[in-house]
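A.B. asks: Below is one structure. I have some questions about it.
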């Protein structure tokens, strides 16, 4: 693993944020694509909309958790238990990355969720996997930026 394999946020446990973990989640999204029912996609869309409509005065932690729920819904839809476990790990992983990135990640996450839902509904597994992989990498980058001092060194 790289030196970036684990990220820490004050008050949170270290969570692996290496490229391998991100790729595994992208592969899990690829695997679930095409297996989702219309009802499951509708529930995911409602969940994403609820997360986007949460008022700003609600803490970022709760709003980030609401956005990360997308992985829980994907895990609920997964048939093989191993796929479900992989997708379920995405809840904590994404929440951690969003907390590290801060509220600046909210709008970007909302747009990414919308693109992901469109791709999942279309059954485009490759593009859905690419979308989630890119999204998680950007969240990781934003989290690293948030921990930089003005001198450019990490805290």
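Derivation of every value follows stated rules applied to the coordinates shown; laboratory data play no part. A quick note: this is a predicted structure, and the numbers were derived from the prediction, not measured. Please note: Cβ atoms are built from the backbone with ideal geometry, for glycine as well, and neighbour counts cover all protein chains shown.
A.B. asks: If you stretched the chain out fully between residue 19 and residue 118, how much longer would it get, using 0.36 nm times the residue separation minus the C-alpha to C-alpha distance?
C.D. replies: Between residue 19 and residue 118, full extension yields 33.2 nm more.
A.B. asks: Each label point is 7 Å from the Cα along the Cα-to-Cβ direction; what then is the distance between the points at residue 61 and residue 108, in nm?
C.D. replies: Taking the two extended label points, one gets 2.3 nm.
A.B. asks: Still on this model: Can you tell which of 96, 57, 111 shows the greatest fluctuation in a Gaussian network model of the chain with Cα springs below 10 Å?
C.D. replies: Result for the chain, Cα springs under 10 Å: 57 fluctuates most.
A.B. asks: Let me ask something else about it. Given R₀ = 25 Å, what would the calculated FRET efficiency be for residue 40 paired with residue 148, taking r from the Cβ atoms and rounding to 0.05?
C.D. replies: Efficiency computed from Cβ-Cβ geometry: 0.05.
A.B. asks: For the chain, compute the orientation-averaged projected area of the C-alpha convex hull (one quarter of its surface), in nm².
C.D. replies: With the hull built on Cα positions only, its mean projection is 9.1 nm².
A.B. asks: So, one more: Run the helix sum for the chain: -39,500 (n - 2.57) per DSSP H stretch of 4+ residues, divided by residue count, reported at 222 nm to the nearest 500 deg cm²/dmol.
C.D. replies: That comes out to -24000 deg cm²/dmol.
A.B. asks: So, one more: Between 0 and 90 degrees, rounded to the nearest ten: what's the tilt of helix 81-101 against the longest Cα principal axis of the chain?
C.D. replies: That helix lies at roughly 40 degrees to the long axis.
A.B. asks: Sticking with this one: Please identify, among 58, 32, 22, the residue showing maximal mean-square fluctuation in a Gaussian network model of the chain using a 10 angstrom Cα cutoff.
C.D. replies: Checking each option, the largest mean-square fluctuation is seen for 58.
A.B. asks: Order by neighbour count: 69, 131, 126, fewest other Cβ atoms within 10 Å first, most last.
C.D. replies: 126, 69, 131
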